[in-house]
Amino acid sequence: MSSPARTALFAEWDRCRWVWNECVAKSKAVHARNRNRPGGEDKRTCGPAQLDRMLTEARTNMTWLREGSSVPQQQTIRDFGKSRAKAQKDIKDRLPLWQCAGMPRYKKKREADPTLNYTKRGCRLKDGRLHLAGGIVVTVVWSRPLSAEPSSVRVYRDSLGHWYASFVVPAEVQPLPATGAVIGVDWGVKETATTTSDAYDLPHAGYGREAQTKLSRYGRMMARRKPAKGQAASKGYREAKKLRAKAYKKAARQRQDTGRTWAKKVVTDHDAIAVEDFRPKFLAKTTMARKAADAAIGATKRALLEVGRKHARDVRLVHPAHTTMDCASCGARTKHALPLSERTYTCTACGAVSPRDKNSARVMLVRAGLHPAGVEGVRPPGAPLQEAA
Ligand SMILES: [Zn+2]
């Protein structure tokens, strides 16, 4: 990328980051005011309209902000709204705290990687070059040709300092022949996916020994070279950080490949898929192994949804609450969650005994309204899926 383009993108990012942080501050202030009001909720809110007005005002008053294009700044507000809505929905759905998306947080200059989102009116492709609002022109190295006119583009820099442009194009749907089979999927730590048919279970690969060794080595290196408080990071520290980011990225790519291969198999062989709507939280202070397991689940679930949509399969997300406590045979719920060490589910109501994760996978099917009778048995192709009573 040319150096003027990089400078311009950084300047745009600084402005967008300011807009984002302003949204966080406004949202927090309104929230605090509402919480402290004894007489009920304050009528003043901090919705999209208020945030839009905030941006218009700020752009009127601040030359610096006005010097940047309004397109990515408005998109920043949209992104903030989406992120906040997701967090609020998780709270409303009473998801367990460790699975909730957190409320949007401040983006710090040193820590946040630049990301700019341009809608159609802010981007244009011409002679293989990407023209962005505000007169920024970047040359794109294509990883694959675009299948249609893009509706938006996200320009971002990753933790290794590489810039990418990610285009949003309407997905092509390629339907697959009906199979008459359905499957339930439960996510877990030991096995990334436990399904209602043994042939589709996906064991957890971990980081792999080589990646694990590298990650711990670079982690130790960083700890040794950690700058004292208030001091700038040394060259050695930044180098170690970069190496660790590289190792993480390699592990992430492997997870993605594994997830895609598995998803393709599952989607090809089943008409309908019931899957736990698990939302991993990477930022939680948990063990390395747990983080690796969460990341594997995240990548595999994403792949399943993507591949399922591409091939027009019926993928149903199931709310994750109580899936380990319910009996797939009779629907009774145990009084207490099974401890993780308990690998067998025994129903006190009907006496059914099955491996814990297999029971959960079957609960997914029942909850999604897919009849467990279709599992492993093959119904005539094209037969409608039965609804569970
Ligand atoms: Zn039972």
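The values are calculated or read from the model by the stated rules, or taken from the named source; none is laboratory data. Worth saying up front: this structure is predicted, and the values here are computed from it rather than measured. Here Cβ is always computed from backbone atoms with ideal geometry, including for glycine, and neighbour counts include all displayed protein chains. For the accessible areas, the whole protein counts, side chains as well, though only heavy atoms, and no ligand, DNA or RNA atoms are used. Shrake-Rupley method; radii C 1.70, N 1.55, O 1.52, S 1.80 Å.
Scanning segment 149-159 for residues that are touching a residue at least 24 places away in the same chain (Cβ under 8 Å) and surrounded by fewer than 13 Cβ atoms within 10 Å (Cβ to Cβ) yields a single hit, Ser151. Of all residues in segment 46-68, those satisfying the criterion of being open to solvent by less than 10 Å² (accessible area, probe 1.4 Å) and over 19 Å from Ala29 (Cβ atoms) are Leu65, Gly68.
One residue is enough: does segment 106-116 have a residue meeting the conditions among the β-branched types (Val, Ile, Thr), open to solvent by 30 Å² or more (accessible area, probe 1.4 Å) and at pLDDT 90 or above? Yes, the conditions are met somewhere in segment 106-116. Can we say Leu385 is away from the ligand (no atom under 16 Å from the Cβ), at pLDDT below 90, among the hydrophobic types (A, V, I, L, M, F, W, C) and out of contact with any His (no Cβ under 8 Å at 6 or more places or on another chain)? No; evaluated as a whole, the condition is false for this residue. Count of segment 306-353 residues, restricted to those that are more than 10 Å from the ligand (Cβ to nearest atom) and in a strand (DSSP E or B), is 6.
Is it the case that Ala295 is surrounded by 15 or more Cβ atoms within 10 Å (Cβ to Cβ), away from the ligand (no atom under 14 Å from the Cβ) and under 19 Å from Pro203 (Cβ atoms)? Considered against the rule, which asks whether it is surrounded by 15 or more Cβ atoms within 10 Å (Cβ to Cβ), away from the ligand (no atom under 14 Å from the Cβ) and under 19 Å from Pro203 (Cβ atoms), Ala295 comes out as yes. When the criteria are applied in full, Ala228 fails the requirement of being in a loop (DSSP other than H, G, I, E, B) and open to solvent by less than 40 Å² (accessible area, probe 1.4 Å). In this entry, Thr300 passes the filter for residues that are in contact with a Gly (Cβ under 7 Å, 6 or more places away or on another chain) and either more than 16 Å from the ligand (Cβ to nearest atom) or among the acidic types (Asp, Glu) (or both).
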